Amino acid sequence: MLKIDCRWLCVPLLLSTALVAQAAVPTALPASVEQIAPVASVQTPQAAWATMTPQLKRELRARYAAWQVLPEPERQRIAQAATALATMPVAQRDSLRARFQGMDQMHRDGWLLGPRLGALYAKLQPMLGYLPAEQREPMLALLHQLDAAQLEQLSLISQRTPPQERAALREQLLALAPAQRAAWLQQNVAR
């Protein structure tokens, strides 16, 4: 059985919570953090895993998979935010948790992409929210390669593109060589 340290599975979402305190962006703190705390007191990872509900196990697996694909700078930001979150007063953490729980589940899940993409997920979601399985990894890699200005351009394109044209636009973007993306984004944002 794979050994999993439950405390690290929610780390990607902890960053977005800490960012609110630092940069006034939406937060991300999982609803199931309350469910994880009692589990952490169990002696072995196997015993902790055995006590979890199937839903919590799925959620933790999804977070772990999201963590695995994050670039190292994003992981470092998350670790720093987790430290900042741990030092916050309980009332402040509870306030951030409540704010996060007030968000739509789709937007909370967007924070699994990390702090950089999570902050823009609401704007990127129209074009990226319903990717075919074969486009998920290439699109995620592409998004991590874009700089902040290019992500902002893509978010504008995403919001302006009619639903019936989004699949074709995604295919065009994915087919581009990295050197061609900046020009493509500028051309499409100008439309």
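Assorted remarks:
- Top-ranked residue of region 177-188 - restricted to ones that are more than 24 Å from the chain's Cα centre (by Cα) and in contact (Cβ under 8 Å) with a residue 12 or more places away in the chain, ranked as nearest to GLN145 (Cα to Cα): TRP184
- Taking helices (runs of 4 or more DSSP H) as the structural unit, those lying wholly within region 95-191 and holding at least 3 residues that are modelled with pLDDT of 90 or more and buried (at least 17 other Cβ atoms within 10 Å of the Cβ) correspond to 115-118, 121-128, 133-145, 148-160, 163-175, 178-190.
- Test: residue in region 69-86 that is acidic (Asp, Glu), buried (at least 16 other Cβ atoms within 10 Å of the Cβ), farther than 21 Å from GLN186 by Cβ and at pLDDT below 90: no
- Taking the numbered list (1) at pLDDT below 70; (2) assigned to a helix (DSSP H, G or I); (3) more than 16 Å from the chain's Cα centre (by Cα); (4) not small (Gly, Ala, Ser) in turn, GLN55 passes all entries but (1).
- GLN187 vs. criteria out of contact with any Cys (no Cβ under 6 Å at 6 or more places or on another chain) and closer than 23 Å to GLU59 by Cβ: no
- Considering LEU124, LEU174, the condition of being under 24 Å from LEU70 (Cα atoms), more than 14 Å from the chain's Cα centre (by Cα) and in contact (Cβ under 8 Å) with a residue 24 or more places away in the chain is satisfied by LEU174 alone.
- Test: residue in region 4-19 that is of a type in the set (Phe, Trp, Tyr), at pLDDT below 90, open to solvent by 80 Å² or more (accessible area, probe 1.4 Å) and assigned to a helix (DSSP H, G or I): yes
The values are calculated or read from the model by the stated rules, or taken from the named source; none is laboratory data. Fair warning: this is a prediction, and the values are worked out from it, not measured in the lab. Cβ coordinates were reconstructed from backbone atoms using ideal geometry, including for glycine residues, and neighbour counts include every protein chain displayed. Ligands, DNA and RNA are excluded from the accessible area calculation, which covers all protein heavy atoms including side chains. Shrake-Rupley method; radii C 1.70, N 1.55, O 1.52, S 1.80 Å.
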